[in-house]
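Quick note: the coordinates plus some simple rules give every number you see, no bench work behind them. In this text the structure is predicted, and so the values were computed from the model without any measurement. Glycine gets a Cβ as well: all are built from the backbone with ideal geometry, and neighbour counts include every protein chain shown.
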């Protein structure tokens, strides 16, 4: 019987090159497996990847706290997310080697991270000058959310400022990074302001 590929989720086709080497046994209904377990749309796919990232972050910190004491959780969180900021900047510089080395450059790396890895956030640019950028961020703080779920939130602050500092340092800049927490509620809905400037 010929398979009815049209029923498969749209992201499956977009990512077909990743699935090209999958092999199923003849008695397996591969279409049913794909339909049941593959993300139905891009939103679901992006959210699933983000949830996996935040779960890894939280579970690793919880394990570190259980082994070495909860007072170390904050420093490990900040240093890890700082390194992630540096790595994100490195990868973007490979794609955009002419990225400006100023506050706008920091903002562009931050925006690329939101576009590609943090679907929970929306941003609003308030100021966008070469040496001073202000952006508002709203959405779900996935770091806070997973920390709360794992009961380690009292040991942690949001690491977003450390991420921005990593970008700053990787670009060889000496800007001040300032983050203001305007609000964050029990469901981890947040409203932040982050500033890069001299």
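Summary of computed values
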| quantity | calculated |
| --- | --- |
| For segment 40-103, average projected area of the Cα convex hull in nm² | 6.5 nm² |
| Rg/Rh ratio calculated on Cα atoms of segment 31-145 (Kirkwood radius) | 1.04 |
| Calculated [θ] (222 nm, deg cm²/dmol) that DSSP helices of n ≥ 4 give over the chain, each run adding -39,500 (n - 2.57) | -16000 deg cm²/dmol |
| Highest-fluctuation residue, 34, 181, 133 considered, GNM on the chain with Cα pairs under 10 Å | 34 |
| Normalised contact order of the chain, rounded percent, pairs of Cα under 8 Å and 6 or more residues apart | 22 percent |
| Nearest-0.05 FRET efficiency for residue 169 and residue 59, computed from C-beta distance (R0 35 Å) | 0.80 |
| Cα radius of gyration and Dmax for segment 1-78 (Å) | 19.0, 61 |
| For q = 0.17 Å⁻¹, Debye-computed log10 I/I(0) when each Cα of the chain counts as one equal scatterer | -1.13 |
